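The values are calculated or read from the model by the stated rules, or taken from the named source; none is laboratory data. Note that the structure is predicted; figures quoted are calculated from it, not measured. Counting neighbours? That spans all protein chains shown, and the Cβs are built from the backbone with ideal geometry, glycine included.
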Amino acid sequence: MAMHFPTLVAVVCAAVCGAYSQSIVFDDTPGMERQFDGIGGLSGGGATSKLLVNYPQEQRDQILDYLFKPNFGASLHILKVEIGGDVQSTDGTEASHMHNSWDENYQRGYEWWLMKEAKKRNPNIKLYGLPWGFPGWIGQGTHSPYVNVSMTADYIVRWINGAKVYHNLTIDYVGIWNERPYDIGYIKALRATLDARGFQNTLVIAADEEWEIATDIQADPELAKIVHAIGCHYPGTLSDPDAVYTGKQLWASEDYSTFNDDVGGGCWARILNQNYVNGLMTATISWNLIASYYDNLPYYGNGLMTAVEPWSGNYVVETPIWVSAHTTQFAFVGWNYLKHGYGVGKLPKGGSYVGLVNPTGTELTIVIETMSHNHSVCIRPPLPAYNVEPQVVNISLAGKFSSITKMNVWYTKLGFDGAKDILFEKRDQIQFVNGKAQLSLGLDEVITLTTMTTGQKGAYPEPPPSQPFPLPYTEDFESYSLYEEPFNLAQQSGAYEILSTNNNTFARQMTIMEPVFWCKFGGVSKTVNVIGSTDWTDIYVAVDFQLPVINGSLGAFVAARVDQGGCEAFSAQGIFLFAFPDRYIVANDLARTKTLKEGYLAFEAGEWHRLGLLVQDGNVQGSFDNKILFNMTVPVVPISGFAAIGTDSFGLADFDNLQLTGPSEGHKIMSKHLLSKSLYFEKEHH
């Protein structure tokens, strides 16, 4: 009799099993199929690890262990990162190592830190870099990075060299341009530059969108020699026949992109198996690695786990972490898949299985999933209808595996309709008689059978409880190292970093010209840096600013109730107070198409000034150098959103002494300002 997993993992099957069950065979006799390249996560493609960096050390180390530590949690094999380009790439911008052609710096951003932390935990993890956009000097006034392919190749290889020289990091893979057109001349220039500078072992993945480069690979032997693997995004577990025909390794080089609840865990479990079963894809990389960016930014809650409160230390280990472990803890880069029909395939009544073998043929890992349709829907592409039913299967081990008498068992069942999850639970070993055993499979299960004796469901004490963003909040930037990115400010356009002059440390916006964008939005040449919560309705925000004399921005702003970021940041609504050397403007949107008020202002570039904004119900007050500028009623649209600082154009701008408070304290501050004589207020009203 076969019993269901929650009661008993498996029972011995006699030499001939009952007619109600069907057999699946695991046999190495026909040889191996494709090499397994690993399971990974993507940090970037939109500043998705933004809030992780300044977590308290204890919780930050725990999070990193869940992601990267072998035999503990997700135990990832690949870390893919964005090569920052000073451009919005989904949830924010990441800094370029070369804002300008004369500028080179390898301390910017947090991807260096993250790669080092991953390597510290797993020295064998593979590192993969890919640009989403490029600083404006690369485009030379165009929206293409291919104007001068040698210059762009030099720019990317400098990043790879900087990883080695400044951080002792070896970049294993490099891509072309995320989800944008590729250029064969550039790919060849990139390979030539890599080879010329000693990076022959850095392999090219192309082209990080669909399978279309396959036809060019078939037509161009030189290109075919260069491309190590064809990378496709969101393939829906299917590869293109032309891509298969090339003989290249096939990767789902970005996939998943789904909310990390149980349905998201089901999506991840299904594609980790079926990307190979259906599409021969040997690597699958999750966008994103960790959901560590503010709520109300695009795709909030996607990622293998969630960490959005550095101020409290709270984080959540989500279902996809343990779904990953079913494969990552028991199969490794360089192992091989068994052949289809001999250890890879579909289950008789829905679901799938893969068999993976180590290079010496001494270890076997089998991963089985029975994800039902509605419990494994990914955000993209649409999932065709299919059925999965409970079923009994006979497992037959043949060839070199026929001598196996027992395998270790790890079990997950995703709970729906009020049922509790069972996540990555170690069960009693499954026993084989004459190479045969029987399994009873239910719905929405993941089962790993493995000869590997390692494996662990890592655990730490519960993290601190969740807390809202703390108010009042002040930031003088004095505790930062040079070139760091301000922690809780989530740049949506532009690149902000810490600099110091005359013993004063401040944040400077560094982008001086329009970059080669990734987002497909209309050109509103402004920068914006949001902070806090989209639940904020009434807030006081103030900041010191200066516009440098050389390459300075046209103006600066503070804002409240900013309702969106990401690729739609330039169409954000809110209450914006812009300060220009000759005037101020109050607008209901970042683009300044909805001007609410204008008034007199006078200051010079190179001077520090203070700009303040209080939004309370339908009333708005603004101040300049602690003197009231205006007191007015405005439309209560939107009703809530982030606080923000930014610039009215690309160009340098400096910010210091950021202050955020609730409306009560803000009202007290503004009341003190009202007692100060305001030349601007008088000028406007006389």
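How many residues, within the range 220-244, are over 19 Å from Leu194 (Cα atoms) and either aliphatic (A, V, I, L, M) or not in a helix (DSSP H, G or I) (or both)?
13
Restricting the range 641-683 to residues that are polar (S, T, N, Q), out of contact with any Leu (no Cβ under 9 Å at 6 or more places or on another chain) and at pLDDT below 95, which is surrounded by the fewest Cβ atoms within 10 Å (Cβ to Cβ)? Spell out the reasoning first.
So the first thing to find is which residues in the range 641-683 are polar (S, T, N, Q), and the list is 647, 649, 657, 659, 661, 664, 671, 676, 678.
Subset that is out of contact with any Leu (no Cβ under 9 Å at 6 or more places or on another chain): 657, 659, 664, 671, 676.
Still in the running and at pLDDT below 95: 664, 671, 676.
Numbers: Ser664: 10, Ser671: 12, Ser676: 12.
Selected residue: Ser664.
For the range 56-96, enumerate the residues that are farther than 30 Å from Met452 by Cα, surrounded by 24 or more Cβ atoms within 10 Å (Cβ to Cβ) and of a type outside the set (A, V, I, L, M, F, W, C).
Selection gives Glu82, Gly84, Gly85, Asp86, Gln88, Ser89, Thr90, Asp91, Gly92, Thr93, Glu94, Ser96.
Identify, from the list Ile184, Ile156, Ile176, the residue that is within 21 Å of the chain's Cα centre (by Cα) and farther than 20 Å from Ala252 by Cβ. First the steps, then the outcome.
Details: Ile184 fails: within 21 Å of the chain's Cα centre (by Cα); Ile176 fails: farther than 20 Å from Ala252 by Cβ.
One residue alone meets the criteria, Ile156.
Which count do you get for residues in the range 562-616 that are assigned to a strand (DSSP E or B), touching a His at 6+ places or on another chain (Cβ under 9 Å) and farther than 16 Å from Ile645 by Cβ? Let's see the steps before the verdict.
Step one: list which residues in the range 562-616 are assigned to a strand (DSSP E or B), which gives 562, 573-580, 583-589, 595-600, 609-616.
Checking the rest, the ones that are also touching a His at 6+ places or on another chain (Cβ under 9 Å) come to 579, 612, 614, 616.
This time we only want the ones that are farther than 16 Å from Ile645 by Cβ, so: 616.
Selection size over the range 562-616: 1.
Residues in the range 67-107 that are of a type in the set (A, V, I, L, M), within 27 Å of Asn551 (Cα to Cα) and either within 14 Å of the chain's Cα centre (by Cα) or not in a loop (DSSP other than H, G, I, E, B) (or both): how many? Full working, then the answer.
Of all residues in the range 67-107, those of a type in the set (A, V, I, L, M) come to 67, 74, 76, 78-79, 81, 83, 87, 95, 98.
After this cut, where a residue has to be within 27 Å of Asn551 (Cα to Cα) as well, the list is 83, 87, 95, 98.
So of that shortlist, the ones also either within 14 Å of the chain's Cα centre (by Cα) or not in a loop (DSSP other than H, G, I, E, B) (or both) come out as 83.
Residues that pass the stated criteria total 1.
So Thr534 ticks every box in (1) touching a helix residue (DSSP H, G or I) at 6+ places or on another chain (Cβ under 8 Å); (2) surrounded by 15 or more Cβ atoms within 10 Å (Cβ to Cβ); (3) outside any strand (DSSP E or B); (4) not aromatic (Phe, Trp, Tyr) but one. Which box is left unticked?
Among (1) touching a helix residue (DSSP H, G or I) at 6+ places or on another chain (Cβ under 8 Å); (2) surrounded by 15 or more Cβ atoms within 10 Å (Cβ to Cβ); (3) outside any strand (DSSP E or B); (4) not aromatic (Phe, Trp, Tyr), the lone unmet condition for Thr534 is (1).
Could you please give the count of residues in the range 586-605 that are of a type in the set (Asp, Glu) and either touching a strand residue (DSSP E or B) at 6+ places or on another chain (Cβ under 8 Å) or at pLDDT below 95 (or both)?
Here is the first cut: in the range 586-605, the residues of a type in the set (Asp, Glu) are 589, 598, 604.
Okay, now just the ones that are also either touching a strand residue (DSSP E or B) at 6+ places or on another chain (Cβ under 8 Å) or at pLDDT below 95 (or both), so 589, 598.
So the answer is 2.
Suppose the filter is in a helix (DSSP H, G or I), within 25 Å of Trp112 (Cα to Cα) and of a type in the set (Val, Ile, Thr); does Ile217 pass it?
Details: in a helix (DSSP H, G or I): yes; within 25 Å of Trp112 (Cα to Cα): no; of a type in the set (Val, Ile, Thr): yes.
No.
If you take just the strands (runs of 3 or more DSSP E) that sit entirely in the range 340-423, which of them hold at least 1 residues that are surrounded by 23 or more Cβ atoms within 10 Å (Cβ to Cβ) and of a type in the set (Gly, Ala, Ser)? Break it down stepwise before answering.
Working: elements: 344-346, 352-357, 364-369, 391-398, 406-413.
Fully inside the range 340-423 and qualifying: 352-357.
For every residue, the table says whether it meets (1) within 20 Å of Gly44 (Cα to Cα); (2) touching a helix residue (DSSP H, G or I) at 6+ places or on another chain (Cβ under 6 Å).
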| residue | (1), (2) |
| --- | --- |
| Gly136 | yes, no |
| Gly141 | no, no |
| Pro145 | yes, yes |
| Ser150 | no, yes |
| Ile156 | yes, no |
| His167 | yes, yes |
| Ile171 | yes, yes |
| Val174 | yes, no |
| Arg180 | yes, no |
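Residues of the range 472-494 being hydrophobic (A, V, I, L, M, F, W, C) and either more than 20 Å from Ser533 (Cα to Cα) or surrounded by fewer than 16 Cβ atoms within 10 Å (Cβ to Cβ) (or both), which ones? Write out each step before concluding.
Step one: list which residues in the range 472-494 are hydrophobic (A, V, I, L, M, F, W, C), which gives 477, 482, 487, 489-490.
Scanning the range 472-494 gives Phe477, Leu482.
I'd like to check something: does the range 256-263 contain any residue that is closer than 19 Å to Tyr128 by Cβ, buried (at least 19 other Cβ atoms within 10 Å of the Cβ) and touching a helix residue (DSSP H, G or I) at 6+ places or on another chain (Cβ under 6 Å)?
Taking the range 256-263 first, the residues closer than 19 Å to Tyr128 by Cβ are 256-257.
The next check asks that each one be buried (at least 19 other Cβ atoms within 10 Å of the Cβ); those that pass are 256-257.
Pick out the ones that are also touching a helix residue (DSSP H, G or I) at 6+ places or on another chain (Cβ under 6 Å) and you get 256.
Yes, some residue in the range 256-263 is closer than 19 Å to Tyr128 by Cβ, buried (at least 19 other Cβ atoms within 10 Å of the Cβ) and touching a helix residue (DSSP H, G or I) at 6+ places or on another chain (Cβ under 6 Å).
In the range 523-543, is there at least one residue being within 24 Å of Phe580 (Cβ to Cβ), assigned by TED's automatic domain parsing to the domain that holds Phe570 and in contact with a Pro (Cβ under 6 Å, 6 or more places away or on another chain)? So that I can check it myself, show each step before the final result.
Kept after step one, since they are within 24 Å of Phe580 (Cβ to Cβ), are these residues of the range 523-543: 523-531, 539-543.
Add one more test, that the residue is assigned by TED's automatic domain parsing to the domain that holds Phe570, and what stays is 523-531, 539-543.
With the extra rule that they be in contact with a Pro (Cβ under 6 Å, 6 or more places away or on another chain), the set shrinks to none.
No: the range 523-543 contains no residue that is within 24 Å of Phe580 (Cβ to Cβ), assigned by TED's automatic domain parsing to the domain that holds Phe570 and in contact with a Pro (Cβ under 6 Å, 6 or more places away or on another chain).
Does Met151 satisfy the criteria of being among the hydrophobic types (A, V, I, L, M, F, W, C) and closer than 30 Å to Leu64 by Cα? Working first, answer last.
Details: among the hydrophobic types (A, V, I, L, M, F, W, C): yes; closer than 30 Å to Leu64 by Cα: no.
Against the criterion (among the hydrophobic types (A, V, I, L, M, F, W, C) and closer than 30 Å to Leu64 by Cα), Met151 does not qualify.
Would you check which residues across the range 546-595 are in contact (Cβ under 8 Å) with a residue 24 or more places away in the chain, of a type in the set (Gly, Ala, Ser) and buried (at least 18 other Cβ atoms within 10 Å of the Cβ) and list them?
Across the range 546-595, the qualifying residues are Gly552, Ser553, Gly555, Ala556, Ala559, Ala560, Gly565, Gly566, Ala569, Ala572, Gly574, Ala579.
Quick check on the range 444-471: of everything there that is of a type in the set (Val, Ile, Thr) and outside any strand (DSSP E or B), which residue is surrounded by the fewest Cβ atoms within 10 Å (Cβ to Cβ)?
Here is the first cut: in the range 444-471, the residues of a type in the set (Val, Ile, Thr) are 446-448, 450-451, 453-454.
Imposing the further condition that a residue be outside any strand (DSSP E or B) reduces the set to 451, 453-454.
Numbers: Thr451: 17, Thr453: 8, Thr454: 11.
The selected residue is Thr453.
Which residues, counting only those in the range 64-94, are in contact with a Phe, Trp or Tyr (Cβ under 6 Å, 6 or more places away or on another chain), within 22 Å of Trp159 (Cα to Cα) and small (Gly, Ala, Ser)?
The answer is Gly85, Ser89.
Quick one: is Gly565 small (Gly, Ala, Ser) and closer than 18 Å to Gln492 by Cβ?
Working: small (Gly, Ala, Ser): yes; closer than 18 Å to Gln492 by Cβ: yes.
In short, yes.
When you look at Tyr166, is it surrounded by fewer than 18 Cβ atoms within 10 Å (Cβ to Cβ), under 24 Å from Leu114 (Cβ atoms) and in contact (Cβ under 8 Å) with a residue 60 or more places away in the chain, yes or no?
Working: surrounded by fewer than 18 Cβ atoms within 10 Å (Cβ to Cβ): yes; under 24 Å from Leu114 (Cβ atoms): yes; in contact (Cβ under 8 Å) with a residue 60 or more places away in the chain: yes.
When the stated conditions are applied, Tyr166 passes them.
What pairs come up if the first residue lies in the range 208-222 and is surrounded by 15 or more Cβ atoms within 10 Å (Cβ to Cβ), the second is in a helix (DSSP H, G or I) and among the hydrophobic types (A, V, I, L, M, F, W, C), and their beta carbons are under 7 Å apart, counting only those six or more places apart or on different chains?
Filtered contacts from the range 208-222: Trp211/Ala243; Ala214/Ala243; Asp216/Ile184; Asp216/Leu223; Ile217/Leu223; Ile217/Ala224; Asp220/Ile184.
Restricted to the range 489-519, and to residues that are more than 22 Å from Trp608 (Cβ to Cβ), under 20 Å from the mean Cα position of the chain (by Cα) and not in a strand (DSSP E or B), which residue is modelled with the lowest pLDDT?
Top of the filtered list is Cys519.
Suppose we filter the range 617-642 for residues that are closer than 19 Å to Leu660 by Cβ, in a loop (DSSP other than H, G, I, E, B) and within 34 Å of the chain's Cα centre (by Cα); how many remain?
Of the residues in that region, 4 qualify.
Against the condition crowded, with 19+ Cβ neighbours inside 10 Å, at pLDDT 95 or above and part of a helix (DSSP H, G or I), how does Leu194 come out, does it pass? Let's see the steps before the verdict.
Details: crowded, with 19+ Cβ neighbours inside 10 Å: yes; at pLDDT 95 or above: yes; part of a helix (DSSP H, G or I): yes.
It is true that Leu194 is crowded, with 19+ Cβ neighbours inside 10 Å, at pLDDT 95 or above and part of a helix (DSSP H, G or I).
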